[in-house]
1. Residues to consider are Leu136, Leu121; find the one that is farther than 13 Å from Pro26 by Cα and touching a residue at least 60 places away in the same chain (Cβ under 8 Å).
2. Identify, from the list Ile66, Ile141, Ile89, the residue that is of a type in the set (A, V, I, L, M), within 16 Å of the chain's Cα centre (by Cα) and within 16 Å of Gln17 (Cβ to Cβ).
3. Checking the condition crowded, with 16+ Cβ neighbours inside 10 Å and either over 18 Å from Gly24 (Cα atoms) or in contact (Cβ under 8 Å) with a residue 60 or more places away in the chain (or both), which residue from Pro96, Pro91 passes?
4. Mind counting the residues in segment 12-37 that are over 16 Å from Thr111 (Cβ atoms), in contact with a strand residue (DSSP E or B) (Cβ under 7 Å, 6 or more places away or on another chain) and either basic (Lys, Arg) or without any contact (Cβ under 8 Å) to a residue 60 or more places away in the chain (or both)?
5. Within the bounds of segment 102-109, is there any residue that is within 24 Å of Leu142 (Cα to Cα) and aliphatic (A, V, I, L, M)?
6. Mind listing whichever residues of segment 75-86 are closer than 16 Å to Gln17 by Cβ and exposed (fewer than 12 other Cβ atoms within 10 Å of the Cβ)?
7. For segment 100-115, enumerate the residues that are modelled with pLDDT under 85 and loosely packed, with under 14 Cβ neighbours inside 10 Å.
Amino acid sequence: MTGPNPTDRSKPGSKHQVVSDAQGTPLVALITGANVPDVTQLETMVDAIPPVRGKRGAPRRRPDAIQADRGYRSHDNRIAMWIRNIEPIIPEKDAPHGSGLGVTRWVIERTIAWLHQFRRLRIRYERLSDIHQAFLSLGCILICFRKLKPLLC
């Protein structure tokens, strides 16, 4: 799960791909190589969203809409989201910057910043991707616990 990092002189690196809810609670966190395009990971991450209990009835498996940055923009991704009855909110290729996603994008940026507060996730020390994925999952668990702790007390 490493690949040549395009911004760091081709040193091997990895990226954290994260899906969160509107409050910043991580739902899915995956590791990919630094050279893997984001556009190839959208369907995998949406399919990995676990059922979330909410109102009375069956747990929800899919969100109503998904917001993503330009890295996830492709016609195939839009069609895949429409097939799953999910509205894709992804800026078009020629859309000017400041297209409105920045108003809500800070939520996922904050979640990634919370994950990178853990030293082992900020810099990858592990050679095996399974161990790094385990630390990423543990970081997500700790974030969820911190968000639920006030509700439990």
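The values are calculated or read from the model by the stated rules, or taken from the named source; none is laboratory data. Note that the coordinates shown come from a computational prediction; the quantities given were computed from them, not determined experimentally. All Cβ positions, glycine included, derive from the backbone under ideal geometry; neighbour counts span all protein chains shown.
1. Going through Leu136, Leu121 in turn, just one is farther than 13 Å from Pro26 by Cα and touching a residue at least 60 places away in the same chain (Cβ under 8 Å): Leu121.
2. One residue alone meets the criteria, Ile66.
3. Pro91
4. The total comes to 6.
5. yes
6. None - no residue of segment 75-86 is closer than 16 Å to Gln17 by Cβ and exposed (fewer than 12 other Cβ atoms within 10 Å of the Cβ), so the list stays empty.
7. Result: Gly100, Gly102, Val103, Thr104, Arg105.
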